[in-house]
Amino acid sequence: MLRPAEASPLLSLPGAVPAEAPDEGVAAHYGDLFREQRALADGAGFVDLSHRGVLSVSGPERLTWLHLLLTQHVSELAPGHATEALILSANGHIEHAVYLVDDGETTWMHTEPGTQEALLAYLESMKFFYRVEAADRTEEIAVVHLPAGSITETPGDAAAVRETPHGRDLFLPRASLADFAAAHGPAIGVLALEALRVEAHRPRLGLETDHRTIPHELGWIGTAVHLQKGCYRGQETVARVHNLGKPPRRLVFLHLDGSEVKLSGHGAPVRLAADGPDGRQIGFVTTSARHHELGPIALALVKRNVAVDAELMADGTAAAQEVVVEP
């Protein structure tokens, strides 16, 4: 995790409220959560993600080498083309999620806060005879997110730009973060981005995952996993589950009862409403949020055989489910 000395300078902006784990070091919001959500949804402002880990991989064989390690097809990744990928254990469980782009000379990636050191250690252990150099760039490079539709121009000092349907991730010199904020506000907290992420059903490592999560359970097949590429660690599990079509759990989207004051926290039990508040647990809440239009919403991981039309209870709160991953 980030040390206090590495906290974002944007926490000094008016109204900034520090975020809690796993997003310590940046602002949760700047005083008006729903206003910030609406601005972000409309393509305005930016989100400070300077707490995320940043790695770079350089060398003439970087893409060939990464192709052997990642779940995604990257051996022919074109400059400027963004993608996402996973690193799996030998048993196919998710260990890392990376969001990357190549600029023609260097592959840049960002990952969850505090995971960059373990990721770099794994990459270093797999170098062998390949002509590659992997480095932790977190202390010098900060990630800033611009929403889809933003008209903000990319600063000339950006090390890289990762553009997706959800927006642009800028890899900026950490030293220029305050100047960027002054020129391209308003700053928007991570809670607004999280609410839109939940609305879009997009999983996040460490929240939607636990020690035994496989990609099929979260819908990461297709976006972060290429099913026709060559061998990588954990591929046997990916192929077997894909062919059988039976992952043990599935991600669902929940509309929570808006009359409840509190949100269901990460790990809160999910039960069948028909079984009551003391019934058998069939899953758990992974992320919950207050959305400016939808009200309280959440993602949850439930057993595969839970009926798609079953009414659920999340930590005692009534919850209607929407299918994210088909059973």
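The values are calculated or read from the model by the stated rules, or taken from the named source; none is laboratory data. Remember, it's a predicted structure, so these values are computed and weren't measured experimentally. Ideal geometry is used to build each Cβ from the backbone, glycine not excepted, and the neighbour counts take in all protein chains shown. What goes into the accessible areas is simple: the full protein's heavy atoms, side chains included, and nothing from ligands, DNA or RNA. Shrake-Rupley method; radii C 1.70, N 1.55, O 1.52, S 1.80 Å.
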So is A200 farther than 15 Å from R249 by Cα and open to solvent by less than 20 Å² (accessible area, probe 1.4 Å) or not? no
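Conditions (1) closer than 22 Å to D136 by Cα; (2) surrounded by fewer than 18 Cβ atoms within 10 Å (Cβ to Cβ); (3) basic (K, R); (4) out of contact with any helix residue (DSSP H, G or I) (no Cβ under 7 Å at 6 or more places or on another chain), marked per residue:
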position: A21; (1), (2), (3), (4): yes, yes, no, yes
position: Y30; (1), (2), (3), (4): no, no, no, no
position: F34; (1), (2), (3), (4): no, yes, no, yes
position: Q37; (1), (2), (3), (4): no, no, no, no
So R233 passes all but one of these: (1) buried (at least 19 other Cβ atoms within 10 Å of the Cβ); (2) within 26 Å of A319 (Cβ to Cβ). Which condition number does it fail? (2)
Being in contact (Cβ under 8 Å) with a residue 60 or more places away in the chain, more than 30 Å from L10 (Cα to Cα), surrounded by 15 or more Cβ atoms within 10 Å (Cβ to Cβ) and in contact with a Ser or Thr (Cβ under 8 Å, 6 or more places away or on another chain) narrows it down to one of R62, R52, so name that one. R62
Just checking, does region 59-71 include any residue being part of a loop (DSSP other than H, G, I, E, B) and among the polar types (S, T, N, Q)? yes
Among the residues listed as K262, K246, the single one being open to solvent by 70 Å² or more (accessible area, probe 1.4 Å) and either within 30 Å of G295 (Cβ to Cβ) or at pLDDT 90 or above (or both): K262
List the strands (runs of 3 or more DSSP E) that sit entirely inside region 106-177 and contain at least 1 residues that are within 21 Å of the chain's Cα centre (by Cα), of a type outside the set (G, A, S) and surrounded by 21 or more Cβ atoms within 10 Å (Cβ to Cβ). 106-111, 141-147, 160-164, 167-173
Checked region 279-323 for anything open to solvent by 30 Å² or more (accessible area, probe 1.4 Å), farther than 15 Å from A268 by Cα and of a type in the set (A, V, I, L, M, F, W, C); matches are L294, A307, V308, A320, V323
Determine if region 166-179 includes at least one residue that is over 25 Å from I94 (Cα atoms) and modelled with pLDDT under 95. no
Find all pairs meeting these conditions: Cβ atoms under 8 angstrom apart; at least six residues apart or on different chains; first residue within region 65-79 and over 19 Å from H242 (Cα atoms); second residue open to solvent by 50 Å² or more (accessible area, probe 1.4 Å) and in a helix (DSSP H, G or I). S75/T64
